[in-house]
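The values are calculated or read from the model by the stated rules, or taken from the named source; none is laboratory data. Quick caveat: nothing in here was measured; it's all calculated off a predicted structure. For neighbour counting, all protein chains shown are included, and Cβ atoms are generated from backbone atoms with ideal geometry for every residue, glycine included. Note: areas computed on protein heavy atoms with side chains; ligands, DNA, RNA excluded. Shrake-Rupley method; radii C 1.70, N 1.55, O 1.52, S 1.80 Å.
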There are 2 protein chains.
Amino acid sequence: RRPGIIANPNCTAAILLMALKPLHDAAGLTRVIVSSYQASSGAGAEGMAELEAQLQGWAKGRKVPAKVFAHPLAFNLIPHIDSFKDNGYTGEELKVAQETRKILELPGLPVTATCVRVPVLRAHSESVYVETSRHISAEKARKAFAAFPGLQVIDDPRLKRYPMPRDQAGKDDCAVGRIREDLHTPNALNFWVVGDQLRKGAALNAVQIAEKLL
Amino acid sequence: RRPGIIANPNCTAAILLMALKPLHDAAGLTRVIVSSYQASSGAGAEGMAELEAQLQGWAKGRKVPAKVFAHPLAFNLIPHIDSFKDNGYTGEELKVAQETRKILELPGLPVTATCVRVPVLRAHSESVYVETSRHISAEKARKAFAAFPGLQVIDDPRLKRYPMPRDQAGKDDCAVGRIREDLHTPNALNFWVVGDQLRKGAALNAVQIAEKLL
């Protein structure tokens, strides 16, 4: 037995990776650009409580100041998660890129992230653009996603079915939808992935790592 | 005098263009990938009222169903604005692309959009990735943005200053921030632009067009 620490990845990276891994296996990733829509619970129970208190306050006509977040989150968006680095990126944005490369074992993969806090209680969402080395149709990508354990495909826009944080909160599986081929770049896809970052992004993933070890 | 109709552009495209035009003049745009964070007021006064009613209902422990939007917007994100087309894109996503190309007079410019409704009352936000034909540093881009009428640069992350919908609501000017060079692609920038889509995205722009004509 080797002593050591096993790290659980960043929650935004973990949810992103649930969609990237089957796509990489199917078509070979060459580039990832992601914009996140991260829930208040990413900052812990206090983050959720602050958003709820601000909205309760708004309903009753009084202001509740921001303490957990840098600014009020109610009816707002905060493009600032973790601390800022000299290159203008946040720690969160760099973590998403670095951990994605590390876990996929693709040290040269270009990954660009913009991370934004949104007034949602639970479940992170991500708008993702990828390029692949081999062409993959939206239909084949849908099949690759559907075959991956822990990932559901919810992608029937005509029936107004697509992943939403409200539906994914409290669920173990992540969900991917809005899967569509890019209209300009031949080997490129766009999609939308949502996952409960307290489950797949944190607790569930730690349990799954432990199960794998035992 | 020539009779005719003058169209006001799509609000998400109008706000995006406020940042793209100075960048194109400075460095030549070759590619745009945008993810939007669109306020409830994009669906009119009823959209704002529905979000407020849902949050008032939540504060009082009763559910207010969705009528204006396809799903409840309170504490949620809806990756569905306008109707879906056969290629999987929404009308809004195609409009952002088409109108951007038309207004910049760049019919071949690749523009990819993902449009998402967020629980914000007023002001649309956009996470934007661009590639340019000539290299432009973040510092030079900041100067080009700052010199463009109607666009403010709010980009001092260490002081927690960046554009947010809460601050831009009710303002004529759009604001751009989080301006940073891409870490992988040489001639690429990422930024975040926010504007009140009822003003620059609609009423103000119509008035500005009329002023130009008179």
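If we hang a label 7 Å off Cα along the beta carbon direction at A:LYS102, how far is it from the matching labels on the other copies, in nm, shortest first?
The answer, with the shortest distance listed first, is 4.8 nm.
With a 1.4 Å probe and every protein chain kept in, tell me what percent of the accessible surface of chain A is carbon plus sulfur.
On chain A, the fraction of accessible area on carbon and sulfur atoms equals 54 percent.
Excluding residues on the same chain fewer than 8 positions from A:LYS60, give the lysines whose Cα lies under 16 Å from its Cα.
By straight Cα distance, A:LYS60 reaches B:LYS60.
Using a 1.4 angstrom probe with every protein chain in place, what is the largest-first accessible-area order of B:ILE136, A:ILE209?
Putting B:ILE136, A:ILE209 in descending order of accessible area: A:ILE209, B:ILE136.
Pull up the DSSP beta bridges for chain B and report the antiparallel fraction as a percent, rounded to 5.
The antiparallel proportion sits near 75 percent.
Spelling out what I want: for every residue of the stretch A:171-187, take phi, set θ = phi - 60°, compute 6.51 cos²θ - 1.76 cosθ + 1.60 (Karplus), and round to whole Hz; glycine and proline get x.
9, 6, 6, 8, 9, 10, x, 6, 7, 8, 6, 5, 7, 10, 8, x, 9
Which ³J(HN,Hα) values in Hz, rounded to whole numbers, follow from the phi angles of the stretch A:133-139 under the Karplus curve 6.51 cos²θ - 1.76 cosθ + 1.60, where θ = phi - 60° and Gly and Pro get x?
6, 10, 5, 9, 6, 4, 5
Mind scanning A:LYS85/A:LYS171; A:LYS140/B:LYS67; A:LYS63/B:LYS200; A:LYS21/A:LYS95; A:LYS140/A:LYS212; B:LYS171/B:LYS212 and naming the pairs with a C-alpha gap bigger than 23 Å?
Too far apart for the 23 Å limit: A:LYS85/A:LYS171; A:LYS140/B:LYS67; A:LYS63/B:LYS200; A:LYS140/A:LYS212.
Let a ≥ b ≥ c be the square roots of the eigenvalues of the Cα gyration tensor of the stretch B:1-70; is it rounded (a/c under 1.5), or, if not, prolate (a/b larger than b/c) or oblate?
Oblate, because a/c is 1.5 or more while a/b does not exceed b/c.
Would you please report the Å³ per residue occupied by the convex hull of the alpha carbon atoms in the stretch A:99-169?
So the per-residue hull volume is 142 Å³.
By its C-alpha gyration tensor, with a ≥ b ≥ c as the square roots of the eigenvalues, how is the stretch A:91-214 shaped: rounded for a/c under 1.5, else prolate for a/b larger than b/c, else oblate?
In terms of gyration-tensor shape, rounded.
Got the B:LYS60 label distances to the other copies yet, label 7 Å along Cα→Cβ, in nm, shortest first?
The answer, with the shortest distance listed first, is 1.5 nm.
Leaving out ligands, DNA and RNA but keeping every protein chain, what accessible area does B:CYS174 have, in Å² rounded to the nearest 10, with a 1.4 Å probe?
Approximately 0 Å² of B:CYS174 is accessible to the 1.4 Å probe.
Convex hull volume of the Cα atoms in the stretch B:132-199, per residue, in Å³?
Taking only Cα atoms, the stretch B:132-199 has a hull volume of 96 Å³ per residue.
For the pairing of chain A with chain B, what total accessible surface becomes buried, with a 1.4 angstrom probe, in square angstrom to the nearest 100?
Buried area (both sides, nearest 100 Å²): 5500 Å².
What are the trypsin sites (Lys or Arg not before Pro) within the stretch B:34-128 that DSSP puts in a loop, where the Cβ has at most 11 other Cβ atoms within 10 Å?
Sparse-neighbourhood loop trypsin sites (Lys or Arg not before Pro): B:LYS60, B:ARG62, B:LYS63, B:LYS67.
Sorted from shortest, what are the nm distances separating the label point of A:ASP25 from equivalent points in the other copies, each placed 7 Å from Cα along Cα to C-beta?
Its label point is 5.1 nm from the equivalent points in the other copies.
Roughly speaking, what % of Cα-Cα pairs in the stretch B:166-214 are separated by over 14 Å, rounded to a whole number?
The proportion of pairs with Cα distances above 14 Å equals 61 percent.
For the protein assembly as shown, what's the radius of gyration and Dmax over Cα atoms, in angstrom?
Calculated on Cα positions, Rg and Dmax stand at 20.8, 87 Å.
I need the phi-derived Karplus couplings for the stretch B:22-31: 6.51 cos²θ - 1.76 cosθ + 1.60, θ = phi - 60°, integer Hz, Gly and Pro marked x.
x, 5, 5, 5, 7, 9, x, 6, 10, 5
Using amide H atoms built 1.01 Å from N in the peptide plane, name the residues 5+ places from B:ARG117, or on other chains, whose amide H lies under 5 Å from its own.
B:GLN38, B:ILE78, B:HIS80
List the trypsin sites (Lys or Arg not before Pro) within the stretch B:130-214 that fall in a DSSP loop (any state other than H, G, I, E or B) and whose Cβ has at most 10 other Cβ atoms within 10 Å.
Answer in residue order: B:ARG134.
Which of A:HIS184, A:HIS71, A:HIS24 moves the most in a Gaussian network model of chain A with Cα springs under 10 Å?
Taking springs between Cα atoms under 10 Å, the residue moving most is A:HIS184.
Based on the inverse mean of 1/r over its pairs of different Cα atoms, what is the Kirkwood hydrodynamic radius of the stretch A:24-110, in Å?
After inverting the pairwise mean of 1/r, the radius is 15.3 Å.
I'm checking a number: the convex hull volume of the Cα atoms of chain A, normalised per residue, in Å³. What is it?
Normalising the Cα hull of chain A by residue number yields 153 Å³.
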